[in-house]
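Since the structure comes first, as structure tokens, the remarks are kept for the end.
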Amino acid sequence: MTAPRVVAVDGPAAAGKGTLARRLAAHLAIPYLDTGLLYRAVGMTLLSRGLDPRDAGAAAAVAAALTIEALARDDLRGPSADMAASRVAAIPAVRDALVGFQRRFAAAEGGAVLDGRDIGTRIFPDAPAKLFVTASPAVRAERRWKELQARGVHADLATVRHEIDTRDRQDATRPVAPLLQAADAVLIDTTWLTPDQAFQAALAAVRARLAKAA
Ligand code: DC
């Protein structure tokens, strides 16, 4: 499958890939899709209907009926959404049901920046530009904790770190589409980078890849 101007941004939780991907999309003037929101919306739709996010049948049905409007729910950030998303994301039928949504989104505009866990490995294996954005678990936990503080959500750093470790484990060890760096992805380790430095490194890598593919 050829996918012109698809930029795949994968990486673990709280690595800063969302900020980076949004900024890349604005810079390249192409749409941006945070694919974590799809799994979050499926998880929270189930919870709000009193259903278990591990219920594969119900989760797949919700995923198949997902609309772009569901991504605007105001309860998609926070610990319950984090965990519900990670649970539904491990269900093969949910992932299958969301493949088309992601490919249609990018095709509709002739390209897009998508961030997630399997964009470069599964959704767009032929994407011309792929990044794998990561940072040490300690730095990711601290960034997530500061983000929560800034939103007025009380949490302690040790709990945030534990949640990040649990989600990393769940996302990286699930049998279906585990979090994995694509062989042809450029690694951006943001542990010691400012957001600006990370953006410049990402932009240089994406420009080089897009130019090569043109
Ligand atoms: O990127 P995020 O933290 O919003 O993602 C929420 C959960 O959804 C995460 O635990 C893993 C899952 N996810 C996934 O499996 N595949 C994606 N493309 C995006 C997210």
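The values are calculated or read from the model by the stated rules, or taken from the named source; none is laboratory data. Computed from a predicted structure; not experimentally measured. No Cβ is skipped: glycine too gets one built from the backbone with ideal geometry, and neighbour counts run over all protein chains shown.
Which residue is surrounded by the most Cβ atoms within 10 Å (Cβ to Cβ), if the candidates are limited to the stretch 37-75 and must be at pLDDT below 95 and in a loop (DSSP other than H, G, I, E, B)?
73
Given the condition within 14 Å of the ligand (Cβ to nearest atom) and closer than 30 Å to residue 207 by Cβ, answer yes or no: does some residue in the stretch 53-64 qualify?
Within the stretch 53-64, not a single residue is within 14 Å of the ligand (Cβ to nearest atom) and closer than 30 Å to residue 207 by Cβ.
When you check residue 168 against the structure, is it under 22 Å from residue 38 (Cα atoms), buried (at least 19 other Cβ atoms within 10 Å of the Cβ) and among the acidic types (Asp, Glu), yes or no?
Spelling it out, it is not the case that residue 168 is under 22 Å from residue 38 (Cα atoms), buried (at least 19 other Cβ atoms within 10 Å of the Cβ) and among the acidic types (Asp, Glu).
Which condition does residue 5 not pass, out of (1) at positive phi; (2) crowded, with 21+ Cβ neighbours inside 10 Å; (3) basic (Lys, Arg), if it passes all the others?
(2)
Among the residues that make up the stretch 20-32, is at least one of them in contact with a strand residue (DSSP E or B) (Cβ under 7 Å, 6 or more places away or on another chain) and charged (D, E, K, R)?
So far as the stretch 20-32 goes, yes, one or more of its residues are in contact with a strand residue (DSSP E or B) (Cβ under 7 Å, 6 or more places away or on another chain) and charged (D, E, K, R).
So which residues in the stretch 12-36 are assigned to a loop (DSSP other than H, G, I, E, B) and either modelled with pLDDT under 95 or more than 23 Å from residue 165 (Cβ to Cβ) (or both)?
Of everything in the stretch 12-36, those that are assigned to a loop (DSSP other than H, G, I, E, B) and either modelled with pLDDT under 95 or more than 23 Å from residue 165 (Cβ to Cβ) (or both) turn out to be 12, 13, 14, 15, 16, 29, 30, 31.
Examine the stretch 157-164 for a residue that is under 16 Å from residue 83 (Cα atoms), touching a Ser or Thr at 6+ places or on another chain (Cβ under 7 Å) and modelled with pLDDT under 95, and state whether such a residue exists.
We begin by selecting, within the stretch 157-164, every residue under 16 Å from residue 83 (Cα atoms); these are 159-164.
Then drop every residue that is not touching a Ser or Thr at 6+ places or on another chain (Cβ under 7 Å), which leaves none.
No; the residues of the stretch 157-164 include none that is under 16 Å from residue 83 (Cα atoms), touching a Ser or Thr at 6+ places or on another chain (Cβ under 7 Å) and modelled with pLDDT under 95.
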